[in-house]
Amino acid sequence: MTEHGGGCHCGNLVLRLRLAQMPEDSPLRACGCSFCRAHNTCTTSDPRGSVEIWAEDWSLVDPYRFGSRTADFLICRRCGVCIGAVCATTAGSRAVINTNCLDDRAAFIRQPVPTDHENESTEDRIARGAANWTPANIRR
């Protein structure tokens, strides 16, 4: 396992990501939805890894939901950084992490694959999260 720390710009939102592969081998995605394009996200996930997410002050975290409303995008209200998204699945909480918020983001060198989930059903979206996203422990 490789471990990667990170969080938002002001330090309120913090995460520790553990991946089963090296960062240079981690698949990256560039979601084509309007939210991810506006935030220029470059995300990764690893169903064999884990992520812990916590905040110094959860009142400064905006769990933004839009579209299919299947995931909460975690945005710091103080600095505006989106660290990723979390969804509840039958397999438990799962997350996808914005590599731009990682301390060692430069190590994630693969070209992001463009994705488009606009025509995906809610059931398929949740199943994809359960199968492909990283198991998450959200500490409140």
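Residues in region 101-124 that are surrounded by fewer than 17 Cβ atoms within 10 Å (Cβ to Cβ), assigned to a helix (DSSP H, G or I) and either modelled with pLDDT under 95 or not charged (D, E, K, R) (or both): 5 in all. Screening PRO135, PRO47 for residues that are open to solvent by 50 Å² or more (accessible area, probe 1.4 Å), in contact with a Pro (Cβ under 9 Å, 6 or more places away or on another chain) and under 19 Å from GLU3 (Cβ atoms) leaves exactly one candidate, PRO47.
Between ARG37, ARG48, which is outside any strand (DSSP E or B) and free of Cβ contacts under 8 Å to residues at least 12 places away in the same chain? It is ARG37. Limited to region 22-34, what total is found for residues that are open to solvent by less than 30 Å² (accessible area, probe 1.4 Å), farther than 14 Å from CYS101 by Cβ and part of a loop (DSSP other than H, G, I, E, B)? Count: 2.
Would you be able to tell me the number of residues in region 1-18 that are in contact (Cβ under 8 Å) with a residue 60 or more places away in the chain and either over 13 Å from the mean Cα position of the chain (by Cα) or part of a strand (DSSP E or B) (or both)? Break it down stepwise before answering.
Of all residues in region 1-18, those in contact (Cβ under 8 Å) with a residue 60 or more places away in the chain come to 4-10, 12-13, 15, 17.
Retained after the next criterion (residues that are either over 13 Å from the mean Cα position of the chain (by Cα) or part of a strand (DSSP E or B) (or both)): 4-7, 9-10, 12-13, 15, 17.
The number of residues fulfilling the criteria is 10.
For (1) touching a strand residue (DSSP E or B) at 6+ places or on another chain (Cβ under 9 Å); (2) modelled with pLDDT of 95 or more; (3) open to solvent by less than 60 Å² (accessible area, probe 1.4 Å), each residue gets a yes or a no:
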site	(1), (2), (3)
GLU52	yes, yes, yes
VAL61	yes, yes, yes
GLY67	no, no, no
LEU74	yes, yes, yes
CYS82	yes, yes, yes
ALA85	yes, yes, yes
ALA91	yes, no, yes
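Filtered by the rule that a residue be closer than 16 Å to TRP54 by Cα and either part of a loop (DSSP other than H, G, I, E, B) or among the charged types (D, E, K, R) (or both), region 81-100 gives VAL81, ARG94.
The values are calculated or read from the model by the stated rules, or taken from the named source; none is laboratory data. It should be emphasised that the depicted structure is a prediction, and the values quoted were computed from it without experimental measurement. When we count neighbours, we look across all protein chains shown, and the Cβ atoms used for this are built from the backbone with ideal geometry, even at glycine. Each accessible area value is taken on the protein alone, full model and side chains, heavy atoms only, with ligands, DNA and RNA left out. Shrake-Rupley method; radii C 1.70, N 1.55, O 1.52, S 1.80 Å.
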